[in-house]
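Structure record follows, encoded as structure tokens.
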Amino acid sequence: MGKYKLGVDLGMGYGQPVEVAAKAVAAAGFDACFTGWGEGCDVEGWANTIAREGLIYQSIHSPFTKVHKMWEEGDEGEAVTDMLIACVNDCAKVDVPVMVVHPIIGMDKHNPTDLGITRYARLVEAAEKAGVKLGFENVEGPEYLAKIMQDLGGSSAVGFCWDTGHEMCYNFSRDMMALYGDKLVATHFNDNMGMTDPNVVTWHDDAHLLPFDGIADWAGIMARINRHGYEGILTFELTCKNKPNKHTHDAYAEWTIEEFAAQAYARAIKVAALGR
Ligand SMILES: [Zn+2]
């Protein structure tokens, strides 16, 4: 066994119930997993299922489809803040140590506001009280992550979740670990083919391929993990599904969730072996 514990998301593009996905992920050999979250979801039931399969419930990925409202005037921003706080409290309830958060959604957005910081500060305060670390993820619009880290990074509850695929297709391969690696609390390891058009940032390039099926430099990624002394769980965020009009995932089309999880674990072991 290597030094790193390995985890993966329970979705993997299959949309199976947690019972089915957790069984497949445990059978593949993973140590840990993460789930999404929605208001009214059975987080306690999920936690019990995950524990029964012998897996660590590493993180919850908080909802992100409306997080742009956090930065805009209006009641919706308050509602989204309240929703994220409910998610933090659910993490605490089932002893999930990390909640992953997207700072923004929207390829055309580049203007973080002080109002947004006020709302994220409310979330950070709730996370401090709950004893949960927030893993702010590098996504499109890196100005928002930068402002959160600059204004709220002094809190022990503010951490970084490094998405290796987003770095290539959203951040022009700028080294996000050089910026935030000292605050790393979670990883979203995944591969892609880079940017289709070097001038256009699009979610269609955010492939979330299995490691080694894209152009990511996995040796370089693990060198950066080592440089920052990260010894936590290496978590992979993968999907079996093509993005619209893409064929990057065609080779996975016939795989069951069990087969996909087994392939994911084999790649994860290969990645971990490149570390110390
Ligand atoms: Zn991610």
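The values are calculated or read from the model by the stated rules, or taken from the named source; none is laboratory data. Computed from a predicted structure; not experimentally measured. Glycine also receives a Cβ, built like all others from the backbone with ideal geometry; neighbour counts cover every protein chain displayed.
Of note:
- Among (1) more than 21 Å from TYR144 (Cα to Cα); (2) in contact (Cβ under 8 Å) with a residue 60 or more places away in the chain - the single one MET107 does not satisfy: (1)
- Qualifying residue in segment 76-95 (condition: within 26 Å of THR164 (Cα to Cα) and either polar (S, T, N, Q) or touching a Ser or Thr at 6+ places or on another chain (Cβ under 7 Å) (or both)): yes
- Candidates VAL185, VAL158 - the one that is within 17 Å of the chain's Cα centre (by Cα), within 14 Å of the ligand (Cβ to nearest atom) and among the aliphatic types (A, V, I, L, M): VAL185
- Close pairs (6 angstrom Cβ cut-off, 6 or more residues apart or separate chains): within 22 Å of GLY229 (Cβ to Cβ) and free of Cβ contacts under 8 Å to residues at least 60 places away in the same chain in segment 153-179, surrounded by 15 or more Cβ atoms within 10 Å (Cβ to Cβ) and among the hydroxyl-bearing types (Ser, Thr, Tyr) anywhere: PHE160/TYR180; TRP162/THR187
- Among residues of segment 162-179, those that are within 16 Å of the ligand (Cβ to nearest atom), more than 17 Å from MET222 (Cβ to Cβ) and either touching a helix residue (DSSP H, G or I) at 6+ places or on another chain (Cβ under 7 Å) or outside any helix (DSSP H, G or I) (or both), counted: 3
- Yes/no for SER173 being on the phi > 0 side of the Ramachandran plot and surrounded by fewer than 18 Cβ atoms within 10 Å (Cβ to Cβ): yes
- Residue within segment 246-257 that is away from the ligand (no atom under 16 Å from the Cβ) and polar (S, T, N, Q) present: yes
- For segment 225-244, the criterion of being free of Cβ contacts under 8 Å to residues at least 40 places away in the same chain and either within 17 Å of PRO103 (Cα to Cα) or within 15 Å of the ligand (Cβ to nearest atom) (or both) is satisfied by no residue at all.
- Consider segment 31-41 and keep the residues that are of a type in the set (Gly, Ala, Ser) and assigned to a loop (DSSP other than H, G, I, E, B). The one that is farthest from GLY116 (Cα to Cα) is GLY40.
- Residues that are touching a Leu at 6+ places or on another chain (Cβ under 8 Å) and β-branched (Val, Ile, Thr), drawn from segment 141-184: VAL158
- No other residue among ILE269, ILE215, ILE225 is crowded, with 17+ Cβ neighbours inside 10 Å, modelled with pLDDT of 95 or more and not polar (S, T, N, Q) apart from ILE225.
- Residues of segment 194-208 classified as within 16 Å of the ligand (Cβ to nearest atom) and either small (Gly, Ala, Ser) or in a helix (DSSP H, G or I) (or both), total: 4
- Per this entry, ASN242 is not counted among residues that are modelled with pLDDT of 95 or more, buried (at least 16 other Cβ atoms within 10 Å of the Cβ), touching a Pro at 6+ places or on another chain (Cβ under 8 Å) and in a loop (DSSP other than H, G, I, E, B).
- If you go through segment 106-151 and pick out every residue that is within 25 Å of CYS33 (Cβ to Cβ) and either in contact with a Gly (Cβ under 8 Å, 6 or more places away or on another chain) or basic (Lys, Arg) (or both), you end up with 4.
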